[in-house]
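Below: one structure, written as structure tokens.
The values are calculated or read from the model by the stated rules, or taken from the named source; none is laboratory data. Computed from a predicted structure; not experimentally measured. For neighbour counting, all protein chains shown are included, and Cβ atoms are generated from backbone atoms with ideal geometry for every residue, glycine included. These accessible areas exclude ligands, DNA and RNA; they are computed on the full protein's heavy atoms, side chains included. Shrake-Rupley method; radii C 1.70, N 1.55, O 1.52, S 1.80 Å.
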Amino acid sequence: MDGVHDLGGVEGFGRLPIEDSEPAFHDDWEAKVMAMRLLMAAWRKWNIDAGRHSVETLPPADYLTLTYYEKWLASLVFLSERAGLITRDEIANGAPAPGSVKSSPPIDGPGFLALMAKGRPSERAPTAAAKFALGDQVRTARHMHAGHTRLPRYLRGCVGEIVLLHGTHVLPDVSSRLTGDEGAEPLYGVRFSAREVWGNDADPKLSITADLWESYLAAA
């Protein structure tokens with residue numbers, strides 16, 4: 001989707017502040033939000049792609065003013081309500097509804113640590129031959145659908161070269177819809193020259209490589 005979240009290459013926001021010796025969390029509440037986000041995901045009511053899309057759909061004013069973990073918290077509230085884990089009244093009151101049944105956590109501490117170490121690989125068995133090969137020239141799509149996508153706006157309509165073959169992976173555009181279809185397809189590393197992306201004023205010695213799914217690409 002073309003939303004306010006897609007800030008790559010957007011000008012006018014000033015320099016990106018870099019904090020020396022930046023801590024993992026600036027406040028305790030940030031660590032708690034991260035823990036809640038990861039543990040609530042263990043219910044399997046949503047996936048990482050739906051989680052990302054829920055942040056992208058925040059109102060533009062909220063997206064531009066909320067801090068990183070404030071966005072995570074807003075996203076978690078939205079996902080939990082949509083999944084039926086909490087209600088709007090419970091959110092407003094900050095307490096469970098009278099008579100509500102307390103559910104046992106889906107995972108304990110040791111189980112969570114084991115899950116984090118293992119992860120949830122996105123690679124899948126191929127169902128068809130890859131359309132492109134190493135060295136092929138490809139052009140990215142200029143227009144995308146209104147849902148979640150991993151094709152950034154600044155790479156739209158650009159020509160690049162296939163430099164990596166990653167195999168077949170879950171397609172976030174489809175996975176984020178939570179229909180049970182993963183939409184898996186070939187994933188490629190595509191290298192673009194800086195001038196292709198940012199124009200003739202860019203350093204000709206620089207390039208950028210992005211991992212892009214097959215449906216984002218066409219032969220150039």
Every residue from the stretch 77-112 that is over 21 Å from residue 35 (Cβ atoms) and more than 24 Å from the chain's Cα centre (by Cα):
87, 88, 89, 92, 93, 97, 98, 99, 100, 101
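So which residues in the stretch 142-155 are touching a Ser or Thr at 6+ places or on another chain (Cβ under 8 Å) and crowded, with 16+ Cβ neighbours inside 10 Å, if there are any at all? Talk me through it step by step, then tell me what you get.
So in the stretch 142-155, the residues touching a Ser or Thr at 6+ places or on another chain (Cβ under 8 Å) come out as 147-148, 151, 155.
Residues satisfying the conditions are 148, 151, 155.
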So, in the stretch 157-184, how many residues would count as being surrounded by 16 or more Cβ atoms within 10 Å (Cβ to Cβ) and over 17 Å from the mean Cα position of the chain (by Cα)?
5
In the stretch 52-66, which residue that is within 12 Å of residue 78 (Cβ to Cβ) and in a helix (DSSP H, G or I) is farthest from the chain's Cα centre (by Cα)?
62
Quick count over the stretch 1-20, residues being open to solvent by less than 70 Å² (accessible area, probe 1.4 Å) and aliphatic (A, V, I, L, M), is 4
Does the stretch 70-83 include one or more residues that are in a loop (DSSP other than H, G, I, E, B) and either surrounded by fewer than 15 Cβ atoms within 10 Å (Cβ to Cβ) or of a type in the set (Asp, Glu) (or both)?
no
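Look at residue 28 and say whether it is of a type in the set (Asp, Glu), open to solvent by 90 Å² or more (accessible area, probe 1.4 Å) and touching a residue at least 12 places away in the same chain (Cβ under 8 Å).
Details: of a type in the set (Asp, Glu): yes; open to solvent by 90 Å² or more (accessible area, probe 1.4 Å): yes; touching a residue at least 12 places away in the same chain (Cβ under 8 Å): no.
In short, no.
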